Amino acid sequence: MAGGGRKTPRTRTLRAHRALHRVRIGVRRSAVDYFRGEGSDWAPFAVLLLTVPLLAVGTLRVPEWCPPAALALPLVIGGLVLRPASLLGLYAGTALALIVETALIDPEPRAEPVTPGTILLVAAVALVGLLVAQFRSRVGVPWRRGGTMLFDLRERIRAQSALPTLPRGWHREMSLRPAGGQSFSGDFVVAARTGPGGRVLEVVLTDVSGKGMDAASRSLLLSGAFGGLLGSLPPHGFLPAANGYLLRQRWDEGFATSVHLVLDLETGEFELFSAGHLPGVQLCANSGKWKQVAAEGPLLGIWEGAEFEPTRGRLRRGDVLMLFTDGLVERSGRDLEEGIDRLVGEAERYVATGFRGASWHLIESVARDVNDDRALVVITRD
């Protein structure tokens with residue numbers, strides 16, 4: 001019994017392994033929380049604060065390799081990773097280091113003195129870093145997760161904009177080119193197969209008013225809302241519901257144009273609803289001619305209780321239907337019909353060879369250097 005309480009080497013080893021495991025798990029959790037922006041910033045604060053005296057010593061010992069302005073480096077990093085309160089502590093340490101350098105460097109003939117320009121440079125970097133830290137704190141998204149979140153959001157939007165797979169005999173494709181080469185656009189597409197057995201293809205192409213990131217931020221919200229409405233309502237109820245949603249947002253520049261295609265994949269019959277959007281164009285294979293497919297309806301977000309009347313048609317074998325936004329065909333000083341004619345003329349080149357991969361090339365040839373959002377949807381029946 002007396003020997004039962006004695007710690008054997010094996011027991012001590014097991015306890016040491018358990019303690020090491022707990023430490024490793026704790027460090028891992030702290031790292032994950034910090035990456036997500038949920039953990040404390042004491043670790044980077046301690047590292048950066050320790051860097052300040054090291055740089056000061058380097059300036060005193062080897063000023064030709066470590067000038068006084070090198071103290072701006074931890075301030076730059078601190079503006080990206082620290083919270084405002086911790087950043088102020090780092091600034092205090094940096095100011096103290098500058099004072100020490102000023103007192104000790106000036107008597108040295110070989111060292112570069114701490115000039116007013118150096119102090120102004122460090123102060124300017126500190127001010128910029130504090131503004132960045134306050135912005136991150138207000139938004140609530142740390143820099144470590146901000147880029148990841150935007151990347152994830154962009155990929156989700158692309159997945160939502162992807163047209164669903166169609167049965168044999170049908171081909172669909174879509175191309176979207178934001179203005180200025182950005183990743184987000186004021187134009188967006190949502191699509192789904194609805195009806196019994198997914199026999200109905202519904203495609204909504206929307207152009208949000210405005211340009212740039214302002215229009216892109218509103219299109220992000222609308223694309224999610226429209227994606228939820230599509231398929232949850234009968235086709236004739238989609239645009240009225242979308243119109244009501246925009247009206248409830250009460251945006252200063254809150255209107256949008258939209259076109260809603262409802263296509264029966266078994267018969268080829270379709271309905272096209274429009275909310276102030278440009279007409280689509282259809283190639284009739286029997287005659288070899290293109291015709292405009294236009295529907296009547298007001299802009300979304302303007303009038304409450306707006307009504308949208310569809311136009312009806314049919315896609316027969318060999319027919320092509322193209323839907324597009326105004327950035328593809330509108331130019332200042334040029335008539336809209338001229339822009340549509342140019343798009344149709346470029347599309348004629350693909351009639352004999354087929355329209356697979358044509359949407360991207362059509363945007364490139366018709367509106368390559370246009371500083372506007374451009375979107376094109378092509379649906380063909382083989």
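Miscellaneous remarks
- Selected residue [in a strand (DSSP E or B) and within 21 Å of the chain's Cα centre (by Cα)] from Leu221, Leu205, Leu261: Leu205
- Selection count, region 243-256, where residues are of a type outside the set (D, E, K, R) and either more than 23 Å from the chain's Cα centre (by Cα) or modelled with pLDDT of 95 or more (or both): 3
- Any chance Val141 is among the β-branched types (Val, Ile, Thr), farther than 22 Å from Val262 by Cβ and at pLDDT below 65: yes
- Condition met for Phe238 (under 20 Å from Ala294 (Cα atoms) and surrounded by 19 or more Cβ atoms within 10 Å (Cβ to Cβ)): yes
- Test result for Leu283, closer than 25 Å to Ala216 by Cα, crowded, with 19+ Cβ neighbours inside 10 Å and among the hydrophobic types (A, V, I, L, M, F, W, C): no
- Considering region 333-382, the residues that are in a helix (DSSP H, G or I) and aromatic (Phe, Trp, Tyr) include one that is farthest from Leu261 (Cα to Cα), namely Tyr350.
- Of all residues in region 208-218, those that are in a helix (DSSP H, G or I) and crowded, with 18+ Cβ neighbours inside 10 Å total 3.
- Test: residue in region 175-188 that is within 18 Å of Ala242 (Cα to Cα), within 24 Å of the chain's Cα centre (by Cα) and in a strand (DSSP E or B): yes
- Some residue of region 53-74 being touching a residue at least 24 places away in the same chain (Cβ under 8 Å), open to solvent by less than 50 Å² (accessible area, probe 1.4 Å), more than 16 Å from Val122 (Cα to Cα) and in contact with a Leu (Cβ under 8 Å, 6 or more places away or on another chain): no
- Residue check for Ile77: open to solvent by 60 Å² or more (accessible area, probe 1.4 Å), among the hydrophobic types (A, V, I, L, M, F, W, C) and at pLDDT below 85: no
- Of all the residues in region 346-366, those that are open to solvent by 40 Å² or more (accessible area, probe 1.4 Å), in contact with a helix residue (DSSP H, G or I) (Cβ under 8 Å, 6 or more places away or on another chain) and among the aliphatic types (A, V, I, L, M) number 0.
- All conditions but one from (1) under 22 Å from Arg374 (Cβ atoms); (2) at pLDDT 80 or above; (3) of a type outside the set (D, E, K, R) apply to Val128; the one that does not is (1).
- Only listed residue being touching a residue at least 40 places away in the same chain (Cβ under 8 Å) and open to solvent by 40 Å² or more (accessible area, probe 1.4 Å), chosen from Leu299, Leu343, Leu323: Leu299
- Candidates Val200, Val204, Val208 - the one that is in contact (Cβ under 8 Å) with a residue 24 or more places away in the chain and over 16 Å from Ala275 (Cα atoms): Val200
- Beta carbons closer than 9 Å, at least 6 apart along the sequence or on distinct chains, pair a first residue in region 95-113 that is closer than 16 Å to Leu54 by Cβ and modelled with pLDDT of 85 or more with a second that is open to solvent by 50 Å² or more (accessible area, probe 1.4 Å) and β-branched (Val, Ile, Thr) for Leu98/Ile119.
The values are calculated or read from the model by the stated rules, or taken from the named source; none is laboratory data. Since the structure is predicted, the reported quantities are computational estimates derived from the model, not experimental observations. Ideal geometry is used to build each Cβ from the backbone, glycine not excepted, and the neighbour counts take in all protein chains shown. What goes into the accessible areas is simple: the full protein's heavy atoms, side chains included, and nothing from ligands, DNA or RNA. Shrake-Rupley method; radii C 1.70, N 1.55, O 1.52, S 1.80 Å.
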